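The values are calculated or read from the model by the stated rules, or taken from the named source; none is laboratory data. Because the structure is predicted, anything quoted here is derived from the model rather than measured. Cβ coordinates were reconstructed from backbone atoms using ideal geometry, including for glycine residues, and neighbour counts include every protein chain displayed.
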Amino acid sequence: MPNILAFTIGIALWEAETVYERAFAIADEHMQLRKERLKEVTPGQREADSFVTFSQELEALHDPGDLIQHALNRLLSVLNFDQAAYAIIDGNEVFFSQQALREGVPAPQPALNVRVPLTEAGLIDTAQRTRTTAWSTDYPSTSDNMAIMVVQGVKSAVVTPVFSHGQVAAVIVLRAVNRWQTITPQMRKIMELTALRLEHALELRRAVGEVRSTLEAGMLTLGLVLEARDFETSGHTHRAAMMAAQLGEQLDLNTTDLHHLRQGAYLHDLGKLCVPDQILRKPGKLTPEEWTTMQSHVVQGHDLAARIAGLSAETLGVIRSHHERWDGSGYPDSLAGTDIPLSARIFAVCDVYDALISQRPYKAAWSHEAAVLEIERQSGHHFDPDVVRAFLGLMGRAVNFQIEPTGNQESGHP
């Protein structure tokens, strides 16, 4: 038929010393490019299905690091490369923040978080300057390679930019090691779709993070107001909340759970708004009836917080259960062991520690060492032993907690 090619060919010069695999990969790339010019190439059904699945999986992830890592793992699997990496562009420098490797493939150099000049980053620099995907089926022969990558056996590579506010903020990098991989138009389309999907997901998480920060700031302010009414030791709420967040990180809480933990910490004494001043500010020992009223602040706080739109069950659990005890002797529900929400168990240790090192009208401030020993002594009684072990580990590493006794302040009761 006139003007219709019966087939498409790809040609590569095969010199005597040329590895057959390299020549075949280059010829295959030429053929794919010619096919692309003749007819728009779209991802195959397998790749399309994988991308749909990938998009759905992203919806379930909240931490930006988890989003990026999942994208790298998925690309490594679907496109059959050996190394996948996410590189962040910071001014005139670039560094790899995350990576995924096929089993048996060594980790590349430069290592994670090692900064290199952008002008020495090869295809990464090209992708940043051109704002589009850069690739090479025969990476060692391209003029914009990274010498260190060639030494490590990288034969083929593709780099796709990820945008933020219209600027190239990062790139996704795929590499084939000790073998040539044809960089097809389908691969590049999947890379670009993934970068676009990742950009949207990260932007959404960023916006959510800003809203959360604003909400947390408001909750901290409310916590400070509660301190003023209770004559609580100045800064107790902020110190205990920050300590709880660090302890939560030590116990591998994810970003969302840490957010809920901080919210609960800021509002843990919200119910004291419902406790009469003569009880809340009483300097001496409470009567049994007064103590019952004081204990009701956790239920009252839970009920008040439940009316605030958007607070999670985990946040409410901190407010209600931070006075529960591991052995079941706490209040208000006499919960024991792992029936107590984990965030409440974490905050309980930090709340008590900060109270011990703070001076109150009815007690002197304990030393840091004495307070830590008391926390350890209460392991398995008041506190979760696993949480105590993590707490002691942090204290042993001299984490930036407030460990100096605070000044003389008038205070009520826990």
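Would you pick out the residues in region 321-342 that are surrounded by 15 or more Cβ atoms within 10 Å (Cβ to Cβ) and either among the β-branched types (Val, Ile, Thr) or closer than 16 Å to Gln378 by Cα (or both)? His322, His323, Glu324, Arg325, Trp326, Gly330, Ile340, listed by residue number. Selection of region 343-365 for residues being surrounded by fewer than 24 Cβ atoms within 10 Å (Cβ to Cβ) and either among the charged types (D, E, K, R) or closer than 22 Å to Ser329 by Cβ (or both) yields Val352, Ala355, Leu356, Arg360, Tyr362, Lys363. Among the candidates Asp354, Asp384, Asp333, the residue that is over 17 Å from Leu251 (Cα atoms), charged (D, E, K, R) and under 32 Å from the mean Cα position of the chain (by Cα) is uniquely Asp354. Among the residues of region 60-69, the one identified as at pLDDT 85 or above and under 13 Å from Arg197 (Cα atoms) is Ile68. For region 73-123, filtered to residues that are in contact with a strand residue (DSSP E or B) (Cβ under 8 Å, 6 or more places away or on another chain), among the hydrophobic types (A, V, I, L, M, F, W, C) and in a helix (DSSP H, G or I), the residue that is nearest to Gln186 (Cα to Cα) is Leu79.
On the basis of being at pLDDT 85 or above, more than 20 Å from the chain's Cα centre (by Cα), part of a helix (DSSP H, G or I) and buried (at least 23 other Cβ atoms within 10 Å of the Cβ), does Ala240 make the cut?
Details: at pLDDT 85 or above: yes; more than 20 Å from the chain's Cα centre (by Cα): yes; part of a helix (DSSP H, G or I): yes; buried (at least 23 other Cβ atoms within 10 Å of the Cβ): yes.
Criteria met by Ala240.
Taking helices (runs of 4 or more DSSP H) as the structural unit, those lying wholly within region 279-349 and holding at least 1 residues that are in contact with a Lys or Arg (Cβ under 8 Å, 6 or more places away or on another chain) and of a type in the set (D, E, K, R) correspond to 288-295.
Among residues of region 350-377 that are without any contact (Cβ under 8 Å) to a residue 24 or more places away in the chain and within 17 Å of Val388 (Cβ to Cβ), those with a beta-carbon under 8 Å from a residue that is outside any helix (DSSP H, G or I) and of a type in the set (Phe, Trp, Tyr) at least six positions away or on a different chain give the pairs Leu356/Trp366; Glu374/Trp366. Here Val171, Val150, Val159 are screened, and the one residue that is in the same structural domain as His70 (by TED's automatic domain parsing), over 20 Å from Val78 (Cα atoms) and not in a loop (DSSP other than H, G, I, E, B) is Val150. Scanning region 147-169 for residues that are crowded, with 16+ Cβ neighbours inside 10 Å and in contact with a Phe, Trp or Tyr (Cβ under 9 Å, 6 or more places away or on another chain) yields Met149, Val154, Lys155, Ser156, Ala157, Val158, Val159, Thr160, Val162, Ala169.
Quick check: anything in region 270-278 closer than 27 Å to Leu373 by Cβ and in contact with a helix residue (DSSP H, G or I) (Cβ under 8 Å, 6 or more places away or on another chain)? Steps first, please.
Here is the first cut: in region 270-278, the residues closer than 27 Å to Leu373 by Cβ are none.
No, that holds for no residue.
Considering Leu226, Leu258, Leu280, Leu220, the condition of being at pLDDT below 85, closer than 20 Å to Val352 by Cα and in contact with a Gly (Cβ under 7 Å, 6 or more places away or on another chain) is satisfied by Leu280 alone.
May I ask you to verify whether Asp252 is over 30 Å from Ala157 (Cα atoms), touching a helix residue (DSSP H, G or I) at 6+ places or on another chain (Cβ under 7 Å), surrounded by fewer than 23 Cβ atoms within 10 Å (Cβ to Cβ) and at pLDDT 85 or above? No. Checked against the criterion of being buried (at least 19 other Cβ atoms within 10 Å of the Cβ) and over 17 Å from Leu72 (Cβ atoms), the candidates Ala100, Ala121 yield just one match: Ala121.
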